[in-house]
């Protein structure tokens, strides 16, 4: 991961840990990693090995690969990828809720429904934009 990706991932990890009310010490202990390692992951200062990130995902109740999905929001040159807006925190939270085995089935279903609605909304907006552009060309 690039430094920008590590910073973004660390911010999401810190937000989720604090949202769940887990201390750094508790999280590190549950992940079976050192407290300083957890702090470095959250700070984005350490290029962490994949198995350690998997432990972090497990502690937070995230599906395997969630951290990679968060990191993919930033391209290798440090810019935000076109596929995800910079203020995408709430979408990442919905995905984490949907994919978390710690969440109730009802909550996971609600998150999945919200993501489906969002995808439909964005597809409709894209179609409307495409229609407007083609109408502009014809006129």
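Assorted remarks:
- Filter result for the condition that a residue is at pLDDT below 85 and closer than 27 Å to residue 33 by Cβ, over 73, 80, 56, 91: 73
- Residue satisfying condition, being without any contact (Cβ under 8 Å) to a residue 40 or more places away in the chain and farther than 24 Å from residue 108 by Cα, within set 18, 45, 66, 2: 45
- Pairs with Cβ under 7 Å, 6+ apart, first in region 123-136 and in contact (Cβ under 8 Å) with a residue 24 or more places away in the chain, second surrounded by 10 or more Cβ atoms within 10 Å (Cβ to Cβ) and in a helix (DSSP H, G or I): none
- Where residue 12 falls short, out of the listed (1) surrounded by fewer than 21 Cβ atoms within 10 Å (Cβ to Cβ); (2) within 17 Å of residue 100 (Cβ to Cβ); (3) modelled with pLDDT of 85 or more: (1)
The values are calculated or read from the model by the stated rules, or taken from the named source; none is laboratory data. Quick caveat, the model's predicted, so the values are computed rather than measured. No Cβ is skipped: glycine too gets one built from the backbone with ideal geometry, and neighbour counts run over all protein chains shown.
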